[in-house]
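Beneath this line is the structure, given in structure tokens, with notes to follow.
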Amino acid sequence: MSESWLRFWDRPHHIYVNDRHLRVHYARIADEILSILPDRGSLSVLDFGCGEALDAARVAARAARLYLYDGAPSVRARLARRFANSPRIAILDQAGLDALPDNSLDVIVAFSVIQYIDRAELPGLLAGWRSKLAVGGFVILADVIPPKARLLDDIGSLLSTARAYGFLLAALGGLLTTLFSEYRRLRHQIGLATYDEPEVMALLRDAGLAPIPHPRNLGFNQARRTYLGRRL
């Protein structure tokens with residue numbers, strides 16, 4: 001992740017307009033991960049760039065081991081406290097991530113992550129993930145932003161979600177706050193990495209993964225895309 005974005009996520013921010021929004025967001029991520037996991041209990045799963053992972057215990061119940069990695073030290077500290085008594089969940093820093101044995105993971109999830117990663121670093125990251133996957137394992141790249149996506153798509157997704165889950169007024173206030181936020185400044189100055197389908201397919205193939213477009217995005221924003229890459 002670029003240093004500017006990493007510093008942003010390591011400090012208090014207002015991406016989520018209230019606690020209801022935060023909990024709805026992570027419940028949806030857990031639901032989506034569970035919807036795509038193979039139906040067997042011996043899975044070894046890595047959630048890369050997991051954020052607060054509030055519902056990770058539900059995912060861990062379907063796995064033998066769930067690894068949570070986030071680049072922000074403050075996030076990792078909260079995860080360690082939250083899941084201190086969860087024997088199936090391990091919190092990883094970079095050294096722990098690097099130390100995972102090759103061929104040991106069944107699923108790697110990167111949910112709304114690659115837009116914050118420097119484009120030049122993504123091929124190496126994918127190749128590293130491929131080495132950690134067991135044969136038949138797969139990577140999930142969810143919430144990938146296509147080049148033609150608009151800020152209005154993000155706004156529309158937030159408002160429709162807020163209306164459905166009962167935090168519309170807070171979402172409207174949050175949009176006003178965002179106009180003057182560091183997130184908006186960084187998005188304007190640094191931008192978010194965008195990828196079209198042929199580019200993602202090529203990146204996965206170059207990393208030694210068989211690409212599979214998913215029929216819908218795993219997330220609320222259906223203007224974004226999800227892709228799978230399977231190790232053969």
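Laboratory data are not the source of any read-out in this text; all were calculated from the coordinates shown. All of these numbers come straight from a predicted model, not from anything done at the bench.
Can you give the extra length, in nm with one decimal, that the chain gains between Ala99 and Arg163 once fully stretched, where that is 0.36 nm per residue apart less the Cα-Cα distance?
Values: separation 64, 0.36 × 64 = 23.04 nm, distance 4.35 nm.
Computed gain between Ala99 and Arg163 is 18.7 nm.
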| Separation between Cα centres of the range 38-105 and the range 139-207, rounded to whole Å | 24
| request: Report the semi-axes of the equivalent ellipsoid for the range 3-230 in whole Å, largest first, where each axis is √(5λ) for an eigenvalue λ of the Cα gyration tensor. | output: 27, 21, 17
| query | So which residue, out of Gln189, Gln115, Gln222, gets the largest mean-square fluctuation from a GNM of the chain using Cα contacts under 10 Å as springs? | reply | Gln189
| said: Based on the alpha carbons, how large is the Rg to Rh ratio for the range 61-184 when Rh follows Kirkwood? | reply: 1.02
| Which log10 I(q)/I(0) values, to two decimals, does the range 1-57 give at q = 0.16 Å⁻¹ under the Debye formula with one point per Cα? | -0.64
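How much length is gained on full extension from Asn85 to Leu176, taking 0.36 nm per residue of separation minus their Cα-Cα distance?
Working: separation 91, 0.36 × 91 = 32.76 nm, distance 3.91 nm.
Additional length available on full extension: 28.9 nm.
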| note | When the chain is treated as a Gaussian network with springs between alpha carbons less than 10 Å apart, the largest mean-square fluctuation among Arg205, Arg130, Arg187 is found at Arg187
| Antiparallel as a % of all DSSP beta bridges within the range 3-230, to the nearest 5? | 35
